[in-house]
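For reference, the structure discussed in these notes is given below.
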Amino acid sequence: MSRLKKGKGSKRSSTDRTIYRVGDAIYVSVFCDGSADGVSHEKWRIASLLPELHDERVVWHVNPTGYYDPESGRVLPISGQPSQWLVGDEWVDRKPSDRSVFHDEEFRVRWHFKCQRCRLQRNISTPGDYYEALTALASLGIREVELAHLIHARHTDA
């Protein structure tokens, strides 16, 4: 007679696993709960954004390890790919064997935030337009923002 090993065989256990604890990390996570459209649904975790100092400027990147959840203090796995890499208008493999693409003048990152429950989505082709707002949210201690707020936000060039 075989035994079911702990943590195996349950789809729920594989999606609810903890990657690691967040602690005092600085981040802003994007989620959707459908409340903006008046049709609430279970919280869908889309992406977490992390700041990094680059050329004396704060830039924000999608966290590749998952969703920083302020309620649990853990990083949870997400479904989908919240960022895309392009050179010009051509998609770039997420694990390129040729790393010279990062130095190409036409290399860019696009954020693709989409709720799999209600299909609300936002493609952000110039993430830099959001850096200042994300920095302000983080400095106020705001750890999560609803996708609808990003969709309806107005940003100006600094």
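The values are calculated or read from the model by the stated rules, or taken from the named source; none is laboratory data. As the structure is a prediction and not an experimental result, all values here were calculated from the model. Counting neighbours? That spans all protein chains shown, and the Cβs are built from the backbone with ideal geometry, glycine included.
Which members of the range 92-144 meet the condition of being of a type in the set (K, R) and closer than 30 Å to V39 by Cα?
The answer is R110, K114, R117, R119, R122, R143.
Of the residues D69, D55, which single one is out of contact with any His (no Cβ under 7 Å at 6 or more places or on another chain) and surrounded by 13 or more Cβ atoms within 10 Å (Cβ to Cβ)?
Details: D55 fails: surrounded by 13 or more Cβ atoms within 10 Å (Cβ to Cβ).
So the residue among D69, D55 that is out of contact with any His (no Cβ under 7 Å at 6 or more places or on another chain) and surrounded by 13 or more Cβ atoms within 10 Å (Cβ to Cβ) is D69.
If you go through the range 112-127 one residue at a time, how many are closer than 20 Å to N63 by Cβ, in contact (Cβ under 8 Å) with a residue 24 or more places away in the chain and part of a loop (DSSP other than H, G, I, E, B)?
3
Go through V101, V109, V87 for me and flag whichever is closer than 18 Å to V59 by Cα, in contact with a strand residue (DSSP E or B) (Cβ under 8 Å, 6 or more places away or on another chain) and among the hydrophobic types (A, V, I, L, M, F, W, C).
V109
Conditions tested, residue by residue: (1) in contact with a Gly (Cβ under 8 Å, 6 or more places away or on another chain); (2) at pLDDT 85 or above; (3) surrounded by 10 or more Cβ atoms within 10 Å (Cβ to Cβ).
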site: K6; (1), (2), (3): no, no, no
site: S10; (1), (2), (3): no, no, yes
site: V28; (1), (2), (3): no, yes, yes
site: K43; (1), (2), (3): no, yes, yes
site: A47; (1), (2), (3): no, yes, yes
site: H61; (1), (2), (3): no, yes, yes
site: S83; (1), (2), (3): no, yes, yes
site: F107; (1), (2), (3): no, yes, yes
site: W111; (1), (2), (3): no, yes, yes
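Quick one: which of E106, E90, E42 is without any contact (Cβ under 8 Å) to a residue 12 or more places away in the chain and not β-branched (V, I, T)? Walk me through how you get there before you give the answer.
Working: E106 fails: without any contact (Cβ under 8 Å) to a residue 12 or more places away in the chain; E42 fails: without any contact (Cβ under 8 Å) to a residue 12 or more places away in the chain.
Only one candidate qualifies: E90.
Any residue at all in the range 77-100 that is among the charged types (D, E, K, R), in a strand (DSSP E or B) and over 20 Å from I26 (Cβ atoms)?
Taking every residue of the range 77-100 in turn, at least one turns out to be among the charged types (D, E, K, R), in a strand (DSSP E or B) and over 20 Å from I26 (Cβ atoms).
Of all residues in the range 38-62, how many are more than 18 Å from E144 (Cβ to Cβ) and either of a type outside the set (V, I, T) or in contact with a Phe, Trp or Tyr (Cβ under 9 Å, 6 or more places away or on another chain) (or both)?
9
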